[in-house]
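My structure is below; once you've seen it, I'll send some questions.
The values are calculated or read from the model by the stated rules, or taken from the named source; none is laboratory data. All of these numbers come straight from a predicted model, not from anything done at the bench. Ideal geometry is used to build each Cβ from the backbone, glycine not excepted, and the neighbour counts take in all protein chains shown. Accessible surface areas use protein heavy atoms only, side chains included; no ligands, DNA or RNA. Shrake-Rupley method; radii C 1.70, N 1.55, O 1.52, S 1.80 Å.
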Amino acid sequence: MKKSLLPIILILITNVIILTLLYLNIEGYILLTRFYKNEFVLVLFISFMILSYYTYYYFSQYNKKVIELNKKNIELAEVNADIVDRNIELAGLNEALIKEKERVRSAMEVRRNFLSVVSHEIRTPLNAIVGFASFIKEFEPDEKEIHSSVKNIYFSSQHLLLLVNDILDYNKIEDGKLKLKILPFRLEKTFELLESMYKGIVRDKGVELIFNITEEIKGKFFEGDETRINQVLINLLSNATKFTNKGKIILDCKTTSKEGDLWTLNIKVTDTGIGISKEDTEIIFQKFIQVDFHRARKFQGSGLGLAITKSLVELFGSEIKVESNIGKGSSFSFDLILPHVHKKDNIIEKESNIAVLSGKTILVADDNVINRTVVKNFLLRWGLGVVEVNNGREAFNYVLSNKCDIILMDIHMPEVDGFEATKLIRKLNDLHKSQTPIIALSADALFETHEKVKECGMNDYISKPFKPQELKQKILKYSILNLQNLKR
Ligand code: ADP
């Protein structure tokens, strides 16, 4: 029994005894009238008072405990609700973790596949380059054999270059660093070049190539990034060629609207090749994806082409669409919104101007003798004079005491690099020397390097391996600018 109830029970027993005695007295069984009756009543009264106090005290204590317990219960209920919430949260996190683990696992698998594909893709053209070069070096092939080996080396190296550029481009796109270079160009010329490039390729496969280009664009100049538009079309045409063994490949280009000078052109590449299933059309634009990895390995490719194509088309402010049926063929299309420009202002015509180049001296600064020789071979053929130096310090010393018209400057060189050498040249007092056009010629394709090239005062950038036509155009451009500066 609880201690606090004991006094109440004792008092209750006493009261019952007193009440019994008083009852017995009233009924006359015992006689208390004369003796102790008043004392009993007094004791009864005091007992009642004590009983009331104890009862009050007991119940108030009890009440306090009940309130405390209630509070604790409420607290416990809150803790419980918290635990339930945390459990729900943990279950959610767990689910997310399982999904993330699955995503990382499949990303790793895709990357593993990508690495194996890329190493295969690199080794295939490398094998051809090394093989044909060794063949020419080891034996004494006749002119026809040399010609065909060199042609194969050229195509394999172009293929290798495309792959490396795709990987670099994709990184640039992912980092949001790929910027379009908007310049006036003739879309019609782009199509002409593509048609002649792919005609030969599809002819060997017995596939017909048709270019349906709207007459309206003939002779018109548009403003846009010609190189990137070309890259998108090359990706689509290469895939169409790769996955089509009979039938046709059609490139359609038609004007869908004109708002002032803003033309919307719809471009569609259709083929009658192997086609893509409905579910695969939803994943082919993801990076490193090749439909049915094992089947796709029958074909060359890195699985980056369509991912790059999609991002480029989005940079053009448009969207790429695909329609395809297994066994029947595919069609990829997008809108190209281009401003039409009327004048040919600022357009340097691409026809070469040998007269401007002849007699000019080009200083080639590069620590790699093979790279110097490659550039020198082209420059000499174009009638230019060439001076070779090994590094930036030698380039600076040459400019100090000699005259040269343009400098082709490698960036990473021992002693003094291309950036430092340019800064030193730009600080020279002789205005003619300090303003010598300097073109960076480097294999460093990082976006940051392009920025640094501009910051340190170089005029332009050409990446290695260089396109001979681009090198010639830039030399021509700076020769003309130099001439105009001298006339002023
Ligand atoms: P790849 O360089 O490997 O071809 P892409 O990103 O260009 O990579 O293409 C991804 C995949 O999409 C290809 O491996 C192929 O399975 C599918 N694909 C793309 N174009 C076509 C097409 N015209 N016909 C059939 N399948 C295609």
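Among residues belonging to the range 304-325 that are part of a helix (DSSP H, G or I) and within 13 Å of E282 (Cβ to Cβ), point out the one that is farthest from the ligand (Cβ to nearest atom).
Per the criteria, the residue is K310.
Can you pull out the residues in the range 123-151 that are β-branched (V, I, T) and more than 20 Å from L162 (Cβ to Cβ)?
Within the range 123-151, I136, I146 meet the criteria.
Before we move on, is T190 of a type in the set (S, T, N, Q) and in contact with a strand residue (DSSP E or B) (Cβ under 6 Å, 6 or more places away or on another chain)?
The answer is no for T190.
Could you identify the single residue in F316, F299 that is modelled with pLDDT of 75 or more and aromatic (F, W, Y)?
Within the list F316, F299, the selection yields F316.
Right, something else. Considering the range 183-217 alone, what residues qualify as being within 15 Å of P339 (Cα to Cα), modelled with pLDDT of 90 or more and surrounded by fewer than 17 Cβ atoms within 10 Å (Cβ to Cβ)?
Hit for the range 183-217 is E216, nothing else.
Of the conditions (1) assigned to a loop (DSSP other than H, G, I, E, B); (2) in contact with a Ser or Thr (Cβ under 7 Å, 6 or more places away or on another chain), K472 clears all except one; give me its number.
(1)
Filter the range 382-394 down to residues that are open to solvent by less than 70 Å² (accessible area, probe 1.4 Å) and outside any strand (DSSP E or B), then give me how many there are.
Here the count works out to 7.
If you don't mind, there's one more thing I want to ask. Hey, does the range 397-410 have a residue that's part of a loop (DSSP other than H, G, I, E, B), within 27 Å of D175 (Cβ to Cβ) and under 29 Å from the mean Cα position of the chain (by Cα)?
Among the residues of the range 397-410, at least one is part of a loop (DSSP other than H, G, I, E, B), within 27 Å of D175 (Cβ to Cβ) and under 29 Å from the mean Cα position of the chain (by Cα), which makes the answer yes.
Further, regarding this structure: Run down I234, I267 and say which single residue is modelled with pLDDT of 95 or more and within 16 Å of the ligand (Cβ to nearest atom).
Answer to the selection: I267.
Among the residues of the range 243-264, which ones are at negative phi and more than 16 Å from the ligand (Cβ to nearest atom)?
Listed by number, the residues that qualify are C253, K254, T255, T256, S257, K258, E259, D261, L262, W263, T264.
Then there is this: Does L379 meet the test of being open to solvent by less than 20 Å² (accessible area, probe 1.4 Å) and touching a strand residue (DSSP E or B) at 6+ places or on another chain (Cβ under 8 Å)?
For L379, the condition - open to solvent by less than 20 Å² (accessible area, probe 1.4 Å) and touching a strand residue (DSSP E or B) at 6+ places or on another chain (Cβ under 8 Å) - is met.
On to the next question. Is one or more of the residues making up the range 342-351 open to solvent by 70 Å² or more (accessible area, probe 1.4 Å), modelled with pLDDT of 90 or more and not polar (S, T, N, Q)?
Among the residues of the range 342-351, not one is open to solvent by 70 Å² or more (accessible area, probe 1.4 Å), modelled with pLDDT of 90 or more and not polar (S, T, N, Q), which makes the answer no.
In the range 135-146, which residues are surrounded by 11 or more Cβ atoms within 10 Å (Cβ to Cβ) and within 22 Å of P465 (Cβ to Cβ)?
Of everything in the range 135-146, those that are surrounded by 11 or more Cβ atoms within 10 Å (Cβ to Cβ) and within 22 Å of P465 (Cβ to Cβ) turn out to be F135, I136, I146.
Going through the range 234-249 one residue at a time, which ones are touching a Ser or Thr at 6+ places or on another chain (Cβ under 7 Å) and open to solvent by less than 40 Å² (accessible area, probe 1.4 Å)?
Of everything in the range 234-249, those that are touching a Ser or Thr at 6+ places or on another chain (Cβ under 7 Å) and open to solvent by less than 40 Å² (accessible area, probe 1.4 Å) turn out to be N235, L236, T244, G247, I249.
Using beta carbons and a limit of 9 Å, which pairs, at least six apart or on different chains, have the first residue in the range 464-476 and acidic (D, E) and the second one open to solvent by less than 40 Å² (accessible area, probe 1.4 Å)?
Once the first residue is acidic (D, E) and sits in the range 464-476, its partners that are open to solvent by less than 40 Å² (accessible area, probe 1.4 Å) give E470/I462.
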